Amino acid sequence: MNTDEHGAERPDRARPTPQSLTGVGLAVLDRTGRVLLGLGHDGKWELPGGKVDAGEDFETAAARELTEETGLVVPATAVRILAVAVDGLRGLTRVTAAAVTEGAVGAPRVTEPDKIVRWEWFAREELPSALFSPTASVLDCLWPGTTPRGAADVRRYRVAGDVAQITSP
């Protein structure tokens, strides 16, 4: 029950202490199947994406983050969730939705120069090795391979029904 003996809602239920971070990584594919990655100032490449705001669904968060970070536009209805990855790296539970979209409108540009140096398109076989950990996990969901790019202890829960056209080379 969520109330105390006087019928009042318990404070720890009304506003629990945050225990995890929920985010989304969006694999944006161009017409040739290349994926968009941004080079962070730490030398690691990352997908557009970020934190899911309170009350926001994964698709809406992905579309919002894409526009905020790259200037590209895609409707939330064009975003598909492939899987949810859960990890505990650095002592924080991170839940990341692995999302994909095709046909974003516009040309990618750096809109957050404090975070990203530049955006580049990469073919599946030319992905850089220095990847931000959640990005590696999302790419493992998009393009499963014999050698995972992400951490071994990441759990992936596939949620999409038919991703054959996206995951095939």
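Annotations
- Segment 41-169: C-alpha gyration tensor shape, a/c 1.5 cut-off, then a/b vs b/c: rounded
- Rounded accessible area of residue 149 (nearest 10 Å², 1.4 Å probe): 90 Å²
- Unit charges at the beta carbon, dipole of segment 19-150: most positive-side option, 141, 27, 60: 141
- Ranking of 143, 121 by solvent-accessible surface, largest first: 121, 143 (1.4 Å probe, protein heavy atoms only, all chains present).
- Across segment 87-94, computed HN-Hα scalar couplings (Karplus, 6.51 cos²θ - 1.76 cosθ + 1.60, θ = phi - 60°) run 9, x, 4, 6, x, 10, 6, 10 Hz from first to last residue, x flagging Gly and Pro.
- Segment 131-140 - phi-based ³J(HN,Hα) in whole Hz, Karplus 6.51/-1.76/1.60, Gly and Pro as x: 10, 4, 3, x, 5, 4, 5, 5, 5, 4
- What a 1.4 Å probe finds exposed on segment 17-169 is 53% carbon and sulfur by accessible area, rounded to a whole percent.
- By accessible area with a 1.4 Å probe, ligands and nucleic acids excluded, highest first: order of 135, 60: 60, 135
- Residue list for segment 104-146, given a label point 7 angstrom along the Cα-to-Cβ vector of residue 76 and an amide N cut-off under 17 Å: none
- If you take all other residues with their beta carbon under 13 Å from the beta carbon of residue 127, and give Lys and Arg +1 and Asp and Glu -1, the sum is -1.
- Nitroxide proxy distance, nm - points 7 Å out along Cα→Cβ at residue 93 and residue 120: 3.7 nm
- Net charge in the neighbourhood of residue 136 (other residues with Cβ under 11 Å of its Cβ; Lys, Arg +1, Asp, Glu -1) is -1.
- Probe 1.4 Å, accessible area per residue of segment 21-155, Å²: 47 Å²
- Residue-by-residue Karplus 3J(HN,Hα) for segment 66-80, coefficients 6.51, -1.76, 1.60, Hz, glycine and proline x: 4, 5, 4, 8, 10, x, 6, 10, 8, x, 4, 5, 9, 9, 10
The values are calculated or read from the model by the stated rules, or taken from the named source; none is laboratory data. Please read all numbers here as calculations on a predicted model, not as lab measurements. So basically every Cβ, Gly included, is an ideal-geometry build from the backbone, and we count neighbours across all protein chains shown. Each accessible area value is taken on the protein alone, full model and side chains, heavy atoms only, with ligands, DNA and RNA left out. Shrake-Rupley method; radii C 1.70, N 1.55, O 1.52, S 1.80 Å.
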